[in-house]
Structure formats: structure tokens, C-alpha cells
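The values are calculated or read from the model by the stated rules, or taken from the named source; none is laboratory data. Just so we're clear, the structure is a prediction, and the values are computed from it rather than from any experiment. Here the Cβ positions follow ideal geometry from the backbone for every residue, glycine too, while neighbour counts run over all protein chains shown.
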Amino acid sequence: MAKITLIVQNSAEEQLKSQEALSFALAAINGGHEIACIFFYREAVNHALLTTPDENKTLINQWEAMSRQHNVPLVVCHTVAERKGIEEFHPSFQASGLTALATAIANSDRTLQF
């Protein structure tokens with residue numbers, strides 16, 4: 001089965017897009033594939049806000065549950081987050097840079113963007 005890296009680029013406020021990425025990740029895992037990393041980039045860094053807005057809590061809790069249950073790292077681009085003034089992250093997210101994304105891509109069979 002394939003090892004997959006996912007890149008999420010849409011804000012958590014665009015819940016349908018985020019839900020689509022989450023649903024894909026779960027379907028891939030249930031299909032026997034491995035998710036190497038889910039990298040939150042550009043506008044998607046707001047998924048990792050330490051204080052989650054009420055309208056996004058259910059979505060973030062779903063990402064957190066998927067990450068824990070299937071041991072999938074949720075990685076947020078710290079450079080973009082810094083530019084947006086985000087200094088503290090939700091505990092389920094790891095802050096890292098594009099090097100982590102490049103490594104995940106290099107070690108994956110497929111990379112998909114949402």
C-alpha cells in the first residue's frame with residue numbers, strides 16, 4: 001500500500017475543504033494506506049491555533065482524534081504561522097518548516113494537496 005503526505009492549504013473557516021482532507025485521510029487509512037504527515041500550510045495554519053474559535057472546535061477535535069488514533073503527525077508551517085502572528089499552537093500540532101514537508105514528500109509514494 002502507498003505512503004501518502006497530505007498538504008492542507010485552506011483555512012479552518014473553510015470547513016468543507018478541511019473536512020474533505022480529513023475524510024480522504026481516514027478513507028486512505030481504512031484502505032490500508034499510511035499517512036506519513038498532514039502538513040498545514042498557508043491559510044491552513046489557523047487549524048493549529050491554541051485557542052480554537054467555537055465554530056471550528058468540532059473540526060479540530062476530529063483532526064486531533066484521527067491523529068491520535070492512527071498516529072499521524074499534524075504539522076503546521078511555523079514560518080507562515082509566525083508571519084500571521086501565531087506563536088502558540090494547539091497541543092496536537094507540531095510546528096516545523098518546509099524541510100519537514102520536503103522530507104515527508106521524499107519518503108512518500110504520493111502527495112496530495114487540499
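Computed quantities for the displayed model
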item: Residue within the stretch 100-109 that is modelled with pLDDT of 95 or more, in contact with a strand residue (DSSP E or B) (Cβ under 9 Å, 6 or more places away or on another chain), farther than 15 Å from A44 by Cβ and assigned to a strand (DSSP E or B) present; result: no
item: Complete set of residues in the stretch 73-114 that are farther than 14 Å from V8 by Cα and of a type in the set (V, I, T); result: T79, I86, T99, T103
item: A25 vs. criteria of a type outside the set (K, R) and touching a Ser or Thr at 6+ places or on another chain (Cβ under 6 Å); result: no
item: Pair list, Cβ < 8 Å and 6+ apart or interchain, from the stretch 78-101 residues that are among the aromatic types (F, W, Y) to residues that are not in a helix (DSSP H, G or I); result: F89/L49; F89/L50; F89/V76; F89/A95; F93/F40; F93/L74; F93/V75; F93/V76
item: The listed residue being assigned to a strand (DSSP E or B), touching a strand residue (DSSP E or B) at 6+ places or on another chain (Cβ under 9 Å), modelled with pLDDT of 95 or more and more than 14 Å from Q94 (Cβ to Cβ), out of I4, I38, I29; result: I4
